[in-house]
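Note sheet for the following structure.
Every number here is computed from the coordinates shown, using simple stated rules; none is lab data. Since the structure is predicted, the reported quantities are computational estimates derived from the model, not experimental observations. Heads up, the Cβs are rebuilt from the backbone with ideal geometry, glycines too, and the neighbour counts pull from every protein chain shown.
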Amino acid sequence: MRRSATVGLLTASGPFLWRQLAHAQEAPVEQVHAQFGADAATQAAFSWMTPAAVATPFLQLGEQRLPATTIQYEGYPGYFHHVRVDDLLPSTDYGYAIGHGDTIRREGFSYRTGPAPGTPFTFTAFADQGTDFLGGDLTQVQDFDPTTLQTIAKGADQQPPFQATRNRDLAYSFDPAFHLVGGDTSYANGNQDVWDEWFRGYEQYAASRPVMPAIGNHEIEVQGVGVSGFGTGDSWGPLGYDAYRHRFALPANGDREWEGCWYRFRYGSVEFISLDNNDVNTEVTANIGYSEGRQEAWAAEALRAAHEDETCDFIIVMMHQAAFSTGLHGSDQGVRDAWFELFATYDVDLVLQGHDHQYERTHMMVRDEVALAAEGDYVTDIGTMYVVCGNGGAVQRPQNPLPNEFPWQAAKSVFTVGTVKVDVVPDTGSGTKRLVLGEYSVTTGGPVEEGIVIERTRQAATQPAPTPTPATTPTATPTPTPAPTTGDGGGSTTGQSQIGQPSTTTVLPATGGPAGIGMVGVSALGAAAATTAWVRGRKDEEVQELRGQRGAAEEE
């Protein structure tokens, strides 16, 4: 699919690659991408950007013309448009187009819904990708040594070798149903041009096969071009998440204050859960404790529901900071404290992590103990495999000089950019189910390892469930103005909702824009409600104390 042309003039006077257009009818459509709803078989969201306000943006899905919700964040001149759709049919191809006013501006897109339970599929994953855009964070610029076939860190004057782009293309070359990026997606670090470039690069794939993200520490952005930091000072929203939360339309988590920060979706017979470890890790503490335990409560309920669902064969978690790693960042104790017990209680099968720019895999673990060590075939109903796949394309760097003599470590590869591919086999024909993993290097052009099997003998439905009776036509989810609320803590795990608006949001007429366009500013999006006690950068000891108080209250 051809990338849309750059609009406007490239000027040195502003931070963005295009200028605002004087006439909205001239505004092009770009950065088109699809996302799953909570039920990938029947729910989807479609998103795009225009560099100027436009009248009546819409999604043309078959014969239906569905209105978009438009939002904008302070400091960024473009507008983001999102349409959430329900009542789709499983395993069905839908053609769609995008427009505004009375005119279709982009067409020829196609999207396929998720299958019913019991259907095999493939997905890919990595974290810490970045872009090859020279306007980005120069600490991420790389060079490639053809003699050693290694990616090495170089100075800011070196051209990148397009490792991030090549790895994205490698991931989609496996024809996955979708792709996961486990945090540190674009490495924009406050430079919104980099976000634009990242989404433009993905459009050719993600308009049809979604890219589903998790939040990493580099999603905490400082306002200002090319400035790297973690949300202190003048940040993009209270958490620094404005770009992430406005550009993606992720499944609802029932918490309108922090919607989009964590979420779940069901694809076939696999439950996928995306967590924000900035809330719990003890290394990057800018946002630690911000959910006041609401994310953990939500995760407990989502995991319990998936564990008790007979149509769910596997539970896969995606998160950024790692519970197991021998890299520079290491294994994070806060992450372990938050999730080990839940993952063990509800039999999480696979955890995809990032943060350290390497590939590393554990044996099957129960908390911090090895449940089963094997050469590659893990036939067991017990334990969780943890995979660090932070070699998505960002700069490769030296590792900690730690001896590789950890009982949990099964495989490790450094200085190679690559992609994890996972084949989901719900029925092997012998009463078992499998996940088959491989790590493939864009650096060397071959597998780092492949054929790693997690085989479960748990009894669960392996036959496709009956196709639900759909509505006559797909319907867009209503987008009423959100009412003030402090959020419900755990929240629903199934519903669709308006795009990422917290409790204090009010949709206002856009200043100087066409009638009917909503605009959300930084003061509303991501703002903490009046009853929220969270303070940026709270000390880790205070967070632990609060967790202890919550635990004591629950016991009473």
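Sorting the segments 183-194, 431-442 by their residues' average number of neighbouring beta-carbon atoms within 10 angstrom, most packed first, yields 183-194, 431-442. Label separation (Thr103 vs Glu449): 5.5 nm, computed from points 7 Å beyond Cα along the C-beta direction.
Between Glu310 and Ser430, the FRET efficiency from the beta-carbon distance, with R0 = 25 Å, is close to 0.85. When Trp408, Trp198 are arranged by Cβ crowding within 10 Å, least crowded first, meaning fewest neighbours, the order is Trp408, Trp198.
Given axes a ≥ b ≥ c from the Cα gyration tensor, I'd like to know whether segment 23-114 is rounded (a/c under 1.5), prolate (a/b larger than b/c) or oblate.
Prolate, because a/c is 1.5 or more and a/b exceeds b/c.
Here Arg256, Arg245, Arg209, Arg367 are placed in order of increasing Cβ neighbour count within 10 Å, fewest first, which gives Arg367, Arg209, Arg256, Arg245. Residues Thr380, Thr50, Thr165 in ascending order of nearby Cβ atoms (within 10 Å, fewest first): Thr380, Thr165, Thr50.
Taking a point 7 Å out from the Cα of Ser173 in the direction of its Cβ, the residues of segment 403-428 whose backbone N falls within less than 12 Å of it are 418-419. Only the Cβ atoms of Lys and Arg (+1) and of Asp and Glu (-1) were treated as charged; on that basis the dipole of segment 23-114 about its Cα centre amounts to roughly 80 debye.
Placing unit charges on the Cβ atoms only, positive for Lys and Arg and negative for Asp and Glu, gives segment 73-132 a dipole magnitude near 120 debye about its Cα centre. Peptides 384-391, 450-457 ranked from most to least packed by the mean count of surrounding Cβ atoms within 10 Å: 384-391, 450-457.
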